[in-house]
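Worksheet: one structure, shown below.
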Amino acid sequence: MNETRLTYSDLEEELRDNVARLLSSREDLPALIVAMEEAPPFDESLWKSLDDEMGLAALIVPDDAGGSGAGPHELGVVMEEIGRHLAPVPYLGHAALACGLVTDASVACGIAKTVVTSTPAALAVPFSRGWTDPFPATVRWRDGRLDGTVPLVVDASHASVVLVPALGTDGPVIVATDAATVGRTPVTTLDLTRDLTDVSLDEVPGEVVAEGEDAVQRLTRATQLATVALACEQLGVAQRALDLSVEHAGTRVQFGRPIGSFQAVKHRLAEAWAEVTQARAVVRYAVDCLARQDDIPIAVALASSVCSATAVSVAETCLQIHGGVGFSWEHPAHLYVKRAKSNSLAFGPADAHLDVIAEHANLPAPVADPPDPCRKEQAS
C-alpha cells in the first residue's frame, strides 16, 4: 500500500500556479455579478483555455483513453482554484462528474471517447444526490429511447453531451445522448453563479456506454470523486474568504486604527484560519484516500461535512468583517457566502455524511433520553 501523502508536491504547486495565473487574469467579479442576473455565467474562452491549451478538462482520464492521466491530487488542486476565483466554467460537472465515470477506462470504453471528444459533458444526476443513494430510477431506457426527468443537474446548460443513468429492461444503464435532443430548463437558486438545470427526456435516442453492475460502480465512483472535488472547491472558497477578510481588516480604519488591531477581530480571523487549516488537512486526506483506494467512505464523508461547514463559517465571517459594504450587492462577499451555502447542500446533506462516518467507524447509535419520572403525563 502506498504511503499517505497530505502535502502538495512540487508538480501540484506548479499546476496551482499556472491555473491561478490563468484564472486571475480572467477574473472579473463585478462583471460576474452583472452577468449572473440574466443567467448562470459561462466563460467559453476560459473553458477552451482550460481544455485545449492546458489539457485540464480530461485531467483524470487515463492516457490510453485520450486524457491527461493525472489523479485526484491534481484534480483537487484545480478545484481549489476554481472555488477561490469562482471561475464561471463547467469544471465540476465535466472534469469531476462526467470524467469520474472513466477513471479506469481503456480506449475501448465508450464513456472515455464521449467525454474526451465532446466537451463539456454533463452527468444527469441531481446535485443533491449522495453517493450512497440508490441508482437513479426517474429515467427509463426502452427500445433505444430515454424517457423521464432529472432535476437540478449541474453544468448541463452548455453541455455538448449528456450522460444519463437510467433503468433499462435488464437493469441499470448509462446512456450518452446529444445534448441538443435533451430538454433543459435553467433553475434559479441561491447561488446565481452555479449552473443548475432541470433535464427532461422525451423519446430521446442515445447509446449505452455502461450497463449492469459496471454502470452502478462507475456512478458510485464518479459521485465519490465529485464529492471530494466539491470539498476542494469549498476549501478554495474558504481560503479566498479568509484572504479578503485579512486584507480588509488591515486596510479598514475605525477610531484611528485598522480594525484588524482590535482583539475581537483578531480572534475571529484566527479562528477562521484554524478552520481553513483543519479543512485543508481533511480534504487532502480524502484526496489521498481516493488515489490509494483506501478508507474511502469515511474520508469522503469527513471531507464533505468538514469543508462545507468551514466554507459557510468563514464566508459568513468575511461578510461580517466587511460590515455594511460586505452586505452590498456590488461587493463580492455575498458570492462566496452563497456558493458555500449552496455547496453544503450538494451530494447529500451533512447528516447523511455523518451517518456514513458513524457506520464505518462502528460508532454506537445515539441512545434516547430516558423518560423523566418527575414529569406528569398530560391528560389526553
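The values are calculated or read from the model by the stated rules, or taken from the named source; none is laboratory data. What you are looking at is a predicted structure, and each value in this text was computed from that prediction instead of being measured. With ideal geometry, Cβ positions are generated from the backbone for all residues, glycine too; neighbour counts draw on all protein chains shown. What goes into the accessible areas is simple: the full protein's heavy atoms, side chains included, and nothing from ligands, DNA or RNA. Shrake-Rupley method; radii C 1.70, N 1.55, O 1.52, S 1.80 Å.
Go through Leu345, Leu335, Leu354 for me and flag whichever is of a type in the set (A, V, I, L, M), open to solvent by 100 Å² or more (accessible area, probe 1.4 Å) and at pLDDT 85 or above. Steps first, please.
Working: Leu335 fails: open to solvent by 100 Å² or more (accessible area, probe 1.4 Å); Leu354 fails: open to solvent by 100 Å² or more (accessible area, probe 1.4 Å).
Answer to the selection: Leu345.
At least 2 residues being touching a residue at least 24 places away in the same chain (Cβ under 8 Å), open to solvent by less than 10 Å² (accessible area, probe 1.4 Å) and not basic (Lys, Arg) is the threshold, and among the strands (runs of 3 or more DSSP E) wholly inside region 165-269 those reaching it are 171-178, 196-205. What do you reckon, is Leu97 among the hydrophobic types (A, V, I, L, M, F, W, C), closer than 30 Å to Gln278 by Cβ, at pLDDT below 95 and out of contact with any Cys (no Cβ under 7 Å at 6 or more places or on another chain)? In short, no. Within region 115-135, being touching a strand residue (DSSP E or B) at 6+ places or on another chain (Cβ under 6 Å) and either crowded, with 24+ Cβ neighbours inside 10 Å or without any contact (Cβ under 8 Å) to a residue 60 or more places away in the chain (or both) holds for Val115, Ser118, Ala121, Ala122, Leu123, Ala124, Pro126, Phe127. Within region 46-72, being free of Cβ contacts under 8 Å to residues at least 40 places away in the same chain and either open to solvent by 10 Å² or more (accessible area, probe 1.4 Å) or among the hydroxyl-bearing types (Ser, Thr, Tyr) (or both) holds for Lys48, Ser49, Asp52, Glu53, Met54, Gly55, Asp63, Ser68, Gly69, Ala70. Checking each residue in region 73-104 for being over 23 Å from Lys341 (Cα atoms) and crowded, with 24+ Cβ neighbours inside 10 Å picks out Ala98, Cys99, Gly100, Leu101, Val102.
Counting only residues that are open to solvent by 10 Å² or more (accessible area, probe 1.4 Å) and in contact with an Asp or Glu (Cβ under 8 Å, 6 or more places away or on another chain), which one in region 145-154 is nearest to Val208 (Cα to Cα)? Top of the filtered list is Arg145.
Here Glu316 passes the criteria (1) open to solvent by 80 Å² or more (accessible area, probe 1.4 Å); (2) under 30 Å from Asp133 (Cβ atoms); (3) in contact (Cβ under 8 Å) with a residue 40 or more places away in the chain except the one numbered (3).
Within region 270-297, the only residue that satisfies the criterion of being open to solvent by less than 60 Å² (accessible area, probe 1.4 Å) and of a type in the set (Ser, Thr, Tyr) is Thr277. Listed by position, the helices (runs of 4 or more DSSP H) inside region 8-76 whose residues that are of a type outside the set (Val, Ile, Thr) and over 17 Å from Ser157 (Cβ atoms) number at least 3 are 10-26, 29-35. Give the number of residues within region 15-32 that are under 16 Å from Glu81 (Cβ atoms), surrounded by 12 or more Cβ atoms within 10 Å (Cβ to Cβ) and more than 22 Å from the chain's Cα centre (by Cα). Selection size over region 15-32: 0. Count of region 318-350 residues, restricted to those that are in a helix (DSSP H, G or I) and not β-branched (Val, Ile, Thr), is 19.
Considering only region 1-10, state which residues are in contact (Cβ under 8 Å) with a residue 24 or more places away in the chain, open to solvent by 60 Å² or more (accessible area, probe 1.4 Å) and either among the small types (Gly, Ala, Ser) or more than 18 Å from Ala281 (Cβ to Cβ) (or both).
The first filter runs over region 1-10 and keeps only residues in contact (Cβ under 8 Å) with a residue 24 or more places away in the chain, leaving 1-2, 4-9.
Cutting the leftovers down to open to solvent by 60 Å² or more (accessible area, probe 1.4 Å) gives us 1-2, 4-7.
Within region 1-10, Met1, Asn2 qualify.
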